[in-house]
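The values are calculated or read from the model by the stated rules, or taken from the named source; none is laboratory data. All of these numbers come straight from a predicted model, not from anything done at the bench. In this analysis, Cβ positions are derived from the backbone assuming ideal geometry, glycine residues included, and neighbour counts consider all displayed protein chains. Quick note on the areas: whole protein, heavy atoms, side chains included, nothing else; ligands and nucleic acids left out. Shrake-Rupley method; radii C 1.70, N 1.55, O 1.52, S 1.80 Å.
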Amino acid sequence: VPADADAELLAPLRAGDEAAFCALVDRHAGAMLRTATAVTGSRAAAEEAVQDTWIAVLRNLHRFEGRSTFRTWVFRILVNRARTLATREGRTLPFSALSGSGPEEGPALSPAQFDAAGGWAIRPASWAGLPEDRLLARESMDLLRAAIEALPPAQRTVLRLRDVEGWSAEEVCAALQLTPGNQRVLLHRARTGIRTRLDEYLA
Amino acid sequence: MGEPDMTCQELVETITDYLEGTLEADDRRRFERHLHVCPDCREYLAQMRTTVRLTGTLRSDDLSPAFRKRLLDAFRGWRRGQPDPPAAG
């Protein structure tokens, strides 16, 4: 059983404790809204999916057996609900990589970076001289946020859960119903894309 | 029989498997052997680690007060529909 920081709030939640509910909402609802927006492509549908999910969580909490983490269980409900809503509204799911088909093919970093033998044609410029306060400057962080926003939805969702929210690979696979291989490909493409954007700015 | 050397491009495309600890043992050996002799790929790996670290400093964003209120109202609606807990004593 994975360590689950939410576990101690579940008994109070079941008993109707509002503070427990608020703590769980503050912990997870932001990431839920982002994920649902990526799945549905619509803010309104995402809000509906998040609200429906919390109601489903409250109604079904007695059935949660702790075989996954609480947040994994919640996100599974969320992703299913978001897909249903998106389908009902006749949206084409932008999240096709999460619905079973494989992620994008081909190398994540442009092959133009390499020569015919697979060596660097354009050598990476060094970041080593960059002071930490330049990296963490507001402008760099704004660029980073924008680069994440510009990723395709499935890559963005995986990257945010893994690298912003700090989830494990296993949790992300279970929550988004991805194979370990697909999860890694999406993470790889996302991180590679973000590094390229940062490099264009920093180097 | 020697394993074929890893190219820079191959290293770049297996870097996430390396960081995730999911490379097969022989590929991991090839990866690390290449890294040992290639300063450009060491730089690239350091940049990927920096990218992950910077991303980790982003905060997950707060809910709007209006949407938080909407969830709280949904919670209160659910609680009203619950049977009262048995009185103590």
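In deg cm²/dmol and to the nearest 500, what is the mean residue ellipticity at 222 nm of chain A if only DSSP H runs of at least 4 residues count, each as -39500 (n - 2.57), divided by the residue total?
-19000 deg cm²/dmol
Just the number please: accessible area per residue for chain B, 1.4 Å probe, all protein chains included, in Å².
Accessible area per residue: 60 Å².
Residues of chain A: accessible area per residue at 1.4 Å, in Å²?
Normalised by residue count, the accessible surface of chain A is 45 Å².
Hey, what's the Kirkwood Rh for the stretch A:96-203 if you take every pair of different alpha carbons, in angstrom?
15.3
Over the stretch A:48-203, what relative contact order in percent results from Cα pairs under 8 Å that are six or more residues apart?
29
From largest to smallest, what semi-axes in whole angstrom does the stretch A:111-172 give when each is the square root of 5 times an eigenvalue of its alpha carbon gyration tensor? Before the final figure, lay out each step's value.
Numbers: eigenvalues 135, 85, 30 Å².
After diagonalising the Cα gyration tensor, the semi-axes are 26, 21, 12 Å.
For the protein assembly as shown, which cysteines have no second Cys with its Cβ under 4.7 Å from theirs?
Those would be A:C22, A:C173, B:C8, since no other cysteine Cβ in the protein assembly as shown comes under 4.7 Å of theirs.
Express the relative contact order of chain B as a whole percentage, based on alpha carbon pairs under 8 Å and six or more residues apart in sequence.
On the way: 23 pairs, mean separation 21.3, N = 89.
Worked out over chain B, it gives 24 percent.
Using only Cα atoms, find the angle between the long axis of helix B:39-56 and the longest principal axis of chain B, and express it within 0 to 90 degrees, rounded to the nearest 10.
Long axis of B:39-56 versus the principal axis of chain B: about 0 degrees.
What ³J(HN,Hα) values, in whole Hz, does the Karplus curve 6.51 cos²θ - 1.76 cosθ + 1.60 give for the stretch A:61-74 when θ = phi - 60°, with x put for Gly and Pro?
4, 5, 8, 6, 9, x, 7, 10, 5, 4, 5, 4, 4, 4
Considering only B:T51, B:G21, B:L71, whose Cα is most displaced toward the positive end of the charge dipole of chain B, charges sitting on Cβ of Lys, Arg (+1) and Asp, Glu (-1)?
B:L71
Just the Cα atoms of the protein assembly as shown, one point each, no solvent: what log10 I(q)/I(0) does Debye give at q = 0.07, 0.10, 0.12, 0.17 Å⁻¹?
-0.33, -0.62, -0.84, -1.37
Please work out, to two decimal places, the log10 of the ratio I(q)/I(0) at q = 0.14 Å⁻¹ from a Debye calculation in which every Cα of chain B carries one identical scatterer.
Log10 of I(q)/I(0), two decimals: -0.65.
Could you work out how far apart the two model spin labels at A:F64 and A:R76 are, taking each label as a point 7 Å from the Cα in the direction of the beta carbon, and quote it in nm?
The two pseudo-label positions are separated by 1.2 nm.
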